[in-house]
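Q: Mind looking over this structure? Questions follow.
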Amino acid sequence: ELKVEQNPLFLSMQEGKNYTIYCNYSTTSDRLYWYRQDPGKSLESLFVLLSNGAVKQEGRLMASLDTKARLSTLHITAAVHDLSATYFCAVDGAGKSTFGDGTTLTVKP
Amino acid sequence: GAVVSQHPSWVICKSGTSVKIECRSLDFQATTMFWYRQFPKQSLMLMATSNEGSKATYEQGVEKDKFLINHASLTLSTLTVTSAHPEDSSFYICSARDRGSQGNYGYTFGSGTRLTVV
């Protein structure tokens, strides 16, 4: 059974600081996704990572994938308040996605 | 980009009644759709995988007779919560597997349905 672990589960950071969210998964997969969820809303797709060493960047967010280590990271650069949300990683296996527990990010001024 | 329309956005129903939630892919054909349930401050839990023209595949522990899924066309999947009870109150989200360029598919999510059973 595929298991996906995210850490930290809660993250409070000051504006302007950098931080990394980690996503570990238990079995081989070549598809990993990062999503953002705002309170009361559905999921917004951020990144799709398809191969070992893949790196994608959008604004202050950068995601990477190491399939050998079964690890993905979501790096936040110079955080701003608008990035406050819950971030989920999800991994494909057996025709479906398994989600991590989510990381709730709060960016404080 | 791909768009999935989900309706209604919220619904309040009385205990014992049934509620239908629709999920439509607007600009692409979705042979596979997924239904999730999310409780407050928790992750998404997959309920079932819906395949066009065939029976849905339910996850372990999900009652098939209570959560009826129909995927009658390539653009529409429905979830009916039958004989709803307060413990069925949750946020229900559908998603569809879209196909980007060069097979680089991802998932597009509906806007979610907040179900409250009173």
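The values are calculated or read from the model by the stated rules, or taken from the named source; none is laboratory data. Please read all numbers here as calculations on a predicted model, not as lab measurements. Note that we place each Cβ from the backbone using ideal geometry, even for glycine, and neighbour counts take in every protein chain shown.
Q: Considering only the range B:67-118, how many residues are assigned to a helix (DSSP H, G or I) and under 23 Å from A:LYS41 (Cα atoms)?
A: The total comes to 3.
Q: For the range B:1-49, name all the residues that are part of a strand (DSSP E or B) and in contact with a Gly (Cβ under 6 Å, 6 or more places away or on another chain).
A: B:VAL4, B:GLN6, B:CYS23
Q: Of everything in the range A:15-54, what is over 30 Å from B:TYR92 (Cβ atoms), at pLDDT 95 or above and not hydroxyl-bearing (Ser, Thr, Tyr)? Give them in sequence order.
A: Once the filter is applied, which keeps residues that are over 30 Å from B:TYR92 (Cβ atoms), at pLDDT 95 or above and not hydroxyl-bearing (Ser, Thr, Tyr), the range A:15-54 yields A:GLU15, A:GLY16, A:LYS17, A:ASN18.
Q: If I ask for residues that are modelled with pLDDT of 95 or more and more than 8 Å from chain A (Cβ to nearest Cβ), which ones from the range B:101-113 would you list?
A: B:THR113
Q: Out of the residues in the range A:47-76 that are closer than 21 Å to B:ARG99 by Cβ and in a loop (DSSP other than H, G, I, E, B), which is nearest to the other protein chains (Cβ to nearest Cβ)?
A: A:LEU50
Q: In the range B:73-87, which residues are surrounded by fewer than 18 Cβ atoms within 10 Å (Cβ to Cβ) and over 23 Å from B:CYS13 (Cβ atoms)?
A: Answer for the range B:73-87, where residues must be surrounded by fewer than 18 Cβ atoms within 10 Å (Cβ to Cβ) and over 23 Å from B:CYS13 (Cβ atoms): B:SER73, B:LEU74.
Q: Of the residues in the range B:4-58, how many are of a type in the set (Ser, Thr, Tyr) and in contact (Cβ under 8 Å) with a residue 24 or more places away in the chain?
A: 10
Q: Collect the residues in the range A:1-34 that are under 13 Å from the mean Cα position of the chain (by Cα), touching a residue at least 60 places away in the same chain (Cβ under 8 Å) and in a strand (DSSP E or B), keeping them in residue-number order.
A: A:VAL4, A:GLU5, A:GLN6, A:ASN7, A:PHE10, A:LEU11, A:TYR19, A:ILE21, A:CYS23, A:TYR25, A:LEU32, A:TYR33
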